[in-house]
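Here the structure is laid out as structure tokens; the discussion comes afterwards.
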Amino acid sequence: MKGCMNKYIWGIIGGLIFLSGFSYVGAQVVTQSASIPEAAIAESFTKDVTSLNQELTTINRDITRATRDSTGYASLVSKRDQVTKDLTKKAENRKYLMMRLAEKDPRAFLRLKIPAAMRGTLPTAAQAHIERDTTLQGSMEVIHVDDFENPENSINFLAVLL
């Protein structure tokens, strides 16, 4: 059985992740999972985005109920603008963590992705920083050579062509 198990785990992210106007397509050798702090921080950011979005929904509901002449209306609009800025900044910071997770730990990335239904409720500025599902077509070339007598000489190559 010597040499039959390859020491690398192939991690293929089968999708195109649109994040803030640019895209990332990943297909590479993954040699380790993301560090626990990265996944934990990304999870915290995801919870923050969700919480800020709920707060924004409540503020928008309150604005709808208030009259433009009331004293609280201007305060609510100001608060809405600040929460929108905070939410967009948090989404932007989360984007970079999620990109690293997509490379290092695709399972954690998929576990923490924001569902399409929730993405649609976010402000447009924040949506630009949130991943979205997509389907791609392309071809993939895999070259694998085993050297059973000298496993360290085994070769792995993966290319994704879109």
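Evaluate segment 7-15: report whether one residue or more is farther than 30 Å from Asp147 by Cβ, outside any loop (DSSP other than H, G, I, E, B) and either within 15 Å of the chain's Cα centre (by Cα) or modelled with pLDDT under 95 (or both).
yes
Taking segment 58-74 as the search range and keeping residues that are among the basic types (Lys, Arg) and within 21 Å of Pro123 (Cα to Cα), which one is modelled with the highest pLDDT?
Top of the filtered list is Arg61.
Could you go through segment 153-162 and let me know if any residue there is within 30 Å of Phe45 (Cα to Cα), surrounded by 11 or more Cβ atoms within 10 Å (Cβ to Cβ) and of a type outside the set (D, E, K, R).
Looking for residues that are within 30 Å of Phe45 (Cα to Cα), surrounded by 11 or more Cβ atoms within 10 Å (Cβ to Cβ) and of a type outside the set (D, E, K, R), one finds none in segment 153-162, hence no.
Find the residue count for segment 75-85, including only residues that are surrounded by fewer than 16 Cβ atoms within 10 Å (Cβ to Cβ) and closer than 16 Å to Thr121 by Cα.
Count: 2.
For segment 52-95, which residues satisfy the criterion of being part of a helix (DSSP H, G or I) and β-branched (Val, Ile, Thr)?
Those that are part of a helix (DSSP H, G or I) and β-branched (Val, Ile, Thr): Thr57, Thr58, Ile59, Ile63, Thr64, Thr71, Val77, Val83, Thr84, Thr88.
I'd like the full set of residues that are part of a loop (DSSP other than H, G, I, E, B), without any contact (Cβ under 8 Å) to a residue 60 or more places away in the chain and loosely packed, with under 14 Cβ neighbours inside 10 Å, limited to segment 96-136.
The answer is Pro115, Gly120.
Residue check: is Glu141 of a type in the set (Asp, Glu) and either in contact with a Lys or Arg (Cβ under 9 Å, 6 or more places away or on another chain) or closer than 30 Å to Asn53 by Cβ (or both)?
So Glu141 fails the test.
The values are calculated or read from the model by the stated rules, or taken from the named source; none is laboratory data. Not measured: the values here are computed from a predicted model. All Cβ positions, even for glycine, are placed from backbone atoms using ideal geometry, and neighbour counts span all protein chains on display.
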